[in-house]
Amino acid sequence: MKMNYLSELCPPEKKGAYCFYLMKKPRRRPDSEPHLEGLVLEFLDLVYWKLNRILDEEGVSMLEWAFMQRAILFWGEIAFQDVQQETGASKDNVRRAAAFLEKSGMATVRPDPQDGRARLLQLTKRGIRRAQYVEDRFRQELLASLGVKAGFSQRVGQFRRAFWKASGFLESGDLADQALRDHRKKNRAEIEDDSKRYGYVEPGKKSIWVEDESSGELF
């Protein structure tokens with residue numbers, strides 16, 4: 001007799017959040033709309049590894065790129081604290097990333113005149129050229145993914161408009177310009193969050209997994 005794996009995994013004495021998730025999660029048909037996380041992760045996987053490969057060939061880490069892209073976007077000095085806040089990286093890793101850029105001649109670092117404990121990074125001409133080169137290579141990768149040769153293609157325009165519309169529901173990061181911030185603010189004001197009407201409970205930050213999974217105990 002075939003055993004019900006859910007009954008085996010979630011007997012009455014082990015009922016909890018994870019078992020509830022397993023039993024309530026809908027099983028979608030192949031022709032149904034994809035789940036939000038699946039759609040976003042698939043897109044992220046497509047673009048992340050393209051950028052990662054370019055940076056790897058250029059000898060630049062993702063955290064070093066976090067400094068570089070902000071420096072060329074804002075055309076000014078970038079605070080270590082801002083990069084740490086946006087990336088979630090540790091202070092030591094942020095310092096190491098900045099130190100590499102400085103040692104490579106791609107950036108200069110100086111104390112913040114308003115706070116001697118803080119540090120500011122600014123790209124040199126060499127760093128700016130390197131960052132622009134990475135952007136150009138990434139642009140070509142995106143065009144190739146869209147199956148076009150040039151950015152003025154009608155397909156590129158449609159993709160840009162669709163992506164602008166979709167990204168309008170996200171929370172803005174520090175790279176968003178004012179137009180994008182206003183676009184998102186408008187969307188959030190016009191389309192309310194009705195999830196609480198259906199008994200939604202805000203999840204806690206604590207993992208549902210125990211520290212030692214080898215014991216076979218989920219909770």
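Some observations on this one:
- Cβ crowding within 10 Å ranks HIS35, HIS183 as HIS35, HIS183, fewest other Cβ atoms first.
- Global geometry of the stretch 48-118, whether rounded, prolate or oblate, following the gyration tensor of its Cα atoms and the 1.5 cut on a/c: prolate
- Taken over the Cα atoms of the stretch 22-151, the convex hull encloses 166 Å³ per residue.
- The slack in the chain from PHE43 to GLN132, taken as 0.36 nm per residue of separation less the alpha-carbon distance, amounts to 29.7 nm.
- Net charge, LEU73 excluded, C-beta distance under 11 Å - Lys, Arg +1, Asp, Glu -1: -2
- Global form of the stretch 34-76, assessed from the alpha-carbon gyration tensor, a/c cut-off 1.5: oblate
The numbers here are math on the coordinates, done by the rules we state, and not lab data. A quick note: this is a predicted structure, and the numbers were derived from the prediction, not measured. Note: ideal-geometry Cβ built from the backbone for every residue, glycine included; neighbour counts use all protein chains shown.
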